[in-house]
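Presented below is the structure to which this report refers.
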Amino acid sequence: MGYKKLEIKGLTLNAKELPILADVDVLIAGGGTAGAVAGIAAAREGARALVVERYGALGGSGSLAQVSPLMSLKIPDKPEPCSINGLIKRQMMKEGLAAVDQNGQDGWFNSAMLPFILDDLITSYGCDVLYDTTVIGAAMQDNELQGLVVQTRGGGKGLIRSRCVIDATGDALAAKLAGANCFEGRESDGANQSVSLRFTLGGIDLAQLQSFLSDIGQSWGLGLPLLETASIWGQSDTYPLERVFRQGMKNGLLHYEDGKFFQAFTIPGMGAAMTFNCPEIPDMKQALDPFKTSRAYVTGRKMTVRLHRFLKLMVPGFENSYFLSSGPMLGVRESRRVDAVFNLSVQDYLQCRKYDDGIAQTAYPIDIHGEEGVDYQEEDIPKGDFFEIPFRCLIPAGTGRLLVAGRCIGASFAAQSAARIQPVCRATGEAAGIGAAWLARKYKPSDDGKRSATAELIKGSDIRARMIAHGGIFLKR
Ligand SMILES: Cc1cc2nc3c(=O)[nH]c(=O)nc-3n(C[C@H](O)[C@H](O)[C@H](O)COP(=O)(O)OP(=O)(O)OC[C@H]3O[C@@H](n4cnc5c(N)ncnc54)[C@H](O)[C@@H]3O)c2cc1C
């Protein structure tokens, strides 16, 4: 059903007429978990850095999708993934917005206040931010990336020239636009991990909830004010709340999918509130499909209403609770990843491989939401051991002047699930920020358009050394 005379108006993308909005050393696409850190790291190296973010706050999944707490690296002796994580954490602790629980897990933080902390930090290092600005194109010359095309508030379009770009969109969008080869979802069928729409409730009587959870047999996570609970169908031994969920289904308050994965945490600095790592949207494995993701918001909000009603009626402590917010951004665990110079594999995790250019260390396990029968466990690797993510995972193969950070680095579908937690994303952000600042300095415009390979210009082992010099703690291999 073709149009005979279709005319597109309002799109004048003639490169010569496109206004140049800025000219920087390092341009970061996406100001989320990794992107905000990348901006700080690049500016700290002396680069003129600019972060472009499509929403009005930094933090991405950690703020707008309400993902809290930071998951543990699961390496007992490693206190920090990278120095900038330490900066953020210390600032949040100072202001009562982060906390350490009785098991030493120091990832508890306040998602709503993260953008405030990041605004202060990023401006203090001299990195600029363009909010409400969306990356829509890559500017190429002789096959080499020159910057990104963006759409600003009000629909204006412009070019941001940059010596080096970091793709921290989570969706590897800038890399894809620049022509990098990318992977989407599971290798066998392209299915992504399940998405979730997180929400927050206030007005909870936490002491009453604590005593109820203890009465029904929950023996973990009860150290007020850092309280947590969870429920997964069929796992009532670990999650006694599951029995109450079953009753909720019998009473007609819940649908089966509402109870497939339920998890809640209190929030430092927010008194009687809890953040919910759910609902997980059923049958939603296409994280880049615009109609399906739109429906996911609607479905997620309906599920949230049912969950809240169930909690109010059946879980003591929630009687007077009220709805505070639902993530303005869908929680996407995995969508598109770049094909990098090195792609992380499950064997890297299982064999605890270490690399000279390892810029992140973690023992977080393979954790694929929405996939039945995944049989990797924490116990698969020796306690205390860990694997490393090489800097090469941040270099899209066959491209120049482009790095990636965050959940879209080069990795197989399963390996990405072990590398996607926020502390690791922050470490990749710091590494990419340093690398991009160095690349920008080394880059010389070449008349013949010949591209120097990123890996020839900068060494990942030097970046690791720089991260250590900044105060990052890396365990000996
Ligand atoms: C439901 C859920 C629960 C999770 N639970 C945990 C947990 O408990 N603990 C933990 O540590 N990790 C958890 N994770 C994983 C972790 O939150 C993410 O993997 C991580 O935050 C991703 O960081 P990122 O920087 O790659 O992407 P994001 O933080 O999502 O940032 C991407 C940014 O890019 C911006 N952007 C995208 N496209 C454009 C564009 N075209 N132009 C401009 N800007 C753009 C976005 O608006 C966003 O700000 C969870 C994830 C989800 C979804």
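Any read-out appearing in this document is the output of simple, stated calculations on the displayed coordinates, not a laboratory observation. Note that the coordinates shown come from a computational prediction; the quantities given were computed from them, not determined experimentally. Every residue, glycine as well, gets a Cβ built from its backbone with ideal geometry; the counts of neighbours run over all protein chains shown.
Among all lysine pairs in segment 199-326 that are eight or more places apart or on different chains, how many have alpha carbons less than 17 angstrom apart? Mind dumping the intermediate values first?
Numbers: K250/K260; K250/K312; K260/K285; K260/K302; K292/K302; K302/K312.
The result is 6.
Remark on the chain: ratio of C-alpha radius of gyration to 2.2 N^0.38 Å is 0.98.
All C-alpha pair distances within segment 287-434, sorted into 10 Å bins from zero, spread as 10, 32, 27, 21, 9, 1 percent across the bins.
Residue ranges 90-98, 170-178, 29-37, 199-207 sort as 29-37, 170-178, 199-207, 90-98 when ordered by packing (mean number of other C-beta atoms within 10 Å per residue, highest first).
Phi-derived couplings, Karplus 6.51 cos²θ - 1.76 cosθ + 1.60 at θ = phi - 60°, listed residue by residue for segment 355-367: 9, 4, 9, x, 10, 9, 10, 7, 10, 4, x, 4, 9 Hz, with x used for Gly and Pro. Take the Cα of D380, step 7 Å toward its Cβ, do the same at N14, and the gap between the two points is 5.5 nm.
With Rh defined as the Kirkwood radius, the inverse of the mean 1/r over Cα pairs, the Rg/Rh of segment 39-78 is 1.12. Take every Cα pair under 8 Å whose residues are at least 6 apart in sequence, average their separation, divide by the length of segment 99-179, and the relative contact order is 19 percent.
Summarising the amide proton neighbourhood of L145: residues at separation of 5 or more, or on other chains, whose placed amide H is nearer than 5 Å comprise G400. If you wrap the Cα atoms of segment 219-294 in a convex hull and average its projected area over all directions, you get 6.8 nm².
Treat the count of other C-beta atoms within 10 Å as a stand-in for reagent exposure and order K89, K285 from fewest to most.
K285, K89
Note that segment 110-118 has calculated 3J(HN,Hα) couplings of 9, 4, 5, 9, 4, x, 5, 5, 5 Hz, one per residue in order, obtained from phi through the Karplus relation 6.51 cos²θ - 1.76 cosθ + 1.60 (θ = phi - 60°); glycine and proline are x. Counting only the Cα atoms, segment 199-326 fills a convex hull of 105 Å³ per residue.
Dividing the convex hull volume of the alpha carbon atoms of segment 173-220 by its residue count gives 182 Å³ per residue. Counting every alpha-carbon pair across segment 182-258, the share separated by more than 19 Å comes to 55%. Working from label points 7 Å from Cα in the Cα-to-Cβ sense, the T123 to Y322 distance is 3.1 nm. Ellipsoid semi-axes for segment 102-238, based on the Cα gyration tensor and the rule √(5λ), read 43, 22, 14 Å when sorted largest first. With neighbours defined as other Cβ atoms within 10 Å of a residue's Cβ, the residues S325, S83, S68 order from fewest to most as S325, S83, S68.
Modelled label positions at S188 and W233, each set 7 Å beyond Cα in the direction of Cβ, lie 2.0 nm from each other. A Förster distance of 25 Å, applied to the separation of the beta-carbon atoms of Y3 and I136, puts the FRET efficiency at 0.65.
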